Amino acid sequence: MMSAQGAGAAGAAGGGARRKPAERRAQIVEAARGVILREGLGATRLRDIAGEAGVSVGTVTYHFESVAQILNEVVVLETARFYSSIIEAVDAEPDPVAGVRMLIEPLFAATDASDEHWRLWSDYWTAVARKPAVAEEYVERIRVWEACLTRTLRRGAGGVFPSLAVGDASELALKLAAYSDGVATQLAQKAPGLTSELALEWMWVFVEHETGARCA
């Protein structure tokens, strides 16, 4: 592995002024996100990421052991960007039904951000399916949507969600995560006849069936 001094020199040669390690890692992760979105994970190599970041391959390998490790960081970054403000708003929302809507609707918005989000996640699921251990240390950092949904469902269990018991909230959150992931993946793959509006209709039917609440 390259020494810190060597990595710094390589970084200066390929990426301009010397940066702090955290800044350099962030630069590499941001570059990796762009390459993965453009080329797909299967076609992404360390040299592609290095080129996108404007640094040497040695600088990349000094900070990360593999593309898989970088992908984990890309997904953590994507999770924070896509969900942080949503989760903050949902946790502050007094109406659990409104909170569930706030969590689900952005997943099926017909926007570039939503499309990119699901393309990254699709690549991530493929990688994790091959090597489940890849995601173990990142579970809490990437399952924030599901955790927030669990909290929101518990707040309404037995009340605005009459068919839901408090103890069943985490299981239902997992079901909803699995269902939304599948629907969103089909939407991202341009499944014939599937639109964002129809995807949301399916989600509301599922939520209403499981909770007894009117969400649509």
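Does the range 36-47 contain at least one residue that is out of contact with any His (no Cβ under 6 Å at 6 or more places or on another chain), surrounded by fewer than 17 Cβ atoms within 10 Å (Cβ to Cβ) and over 26 Å from A129 (Cα atoms)? The answer is no; no qualifying residue exists. Do we have V205 as within 14 Å of V100 (Cβ to Cβ), among the β-branched types (V, I, T), in contact with a helix residue (DSSP H, G or I) (Cβ under 9 Å, 6 or more places away or on another chain) and modelled with pLDDT of 95 or more here? Taking the combined requirement at face value, the residue does not satisfy it.
I want to confirm something. Restricting to the range 61-110 and keeping residues that are touching a helix residue (DSSP H, G or I) at 6+ places or on another chain (Cβ under 9 Å) and not in a helix (DSSP H, G or I), which single residue is least open to solvent (accessible area, probe 1.4 Å)? Result: F64. If I go through the range 176-201 residue by residue, how many of them are open to solvent by 60 Å² or more (accessible area, probe 1.4 Å) and either at positive phi or out of contact with any Leu (no Cβ under 9 Å at 6 or more places or on another chain) (or both)? Result for the range 176-201: 8.
For the range 138-168, filtering for residues that are closer than 20 Å to G212 by Cα and part of a helix (DSSP H, G or I) leaves 13. Residue check: V55 meets all listed conditions (1) in a helix (DSSP H, G or I); (2) free of Cβ contacts under 8 Å to residues at least 60 places away in the same chain; (3) open to solvent by less than 20 Å² (accessible area, probe 1.4 Å) but one, namely (1). Of the numbered criteria (1) touching a Ser or Thr at 6+ places or on another chain (Cβ under 8 Å); (2) at pLDDT 95 or above, the one K175 fails is (1).
The values are calculated or read from the model by the stated rules, or taken from the named source; none is laboratory data. Predicted model only: the values in this text are computed from it and were never measured. Note: ideal-geometry Cβ built from the backbone for every residue, glycine included; neighbour counts use all protein chains shown. Surface accessibility is based on the protein's heavy atoms, side chains included, excluding ligands, DNA and RNA. Shrake-Rupley method; radii C 1.70, N 1.55, O 1.52, S 1.80 Å.
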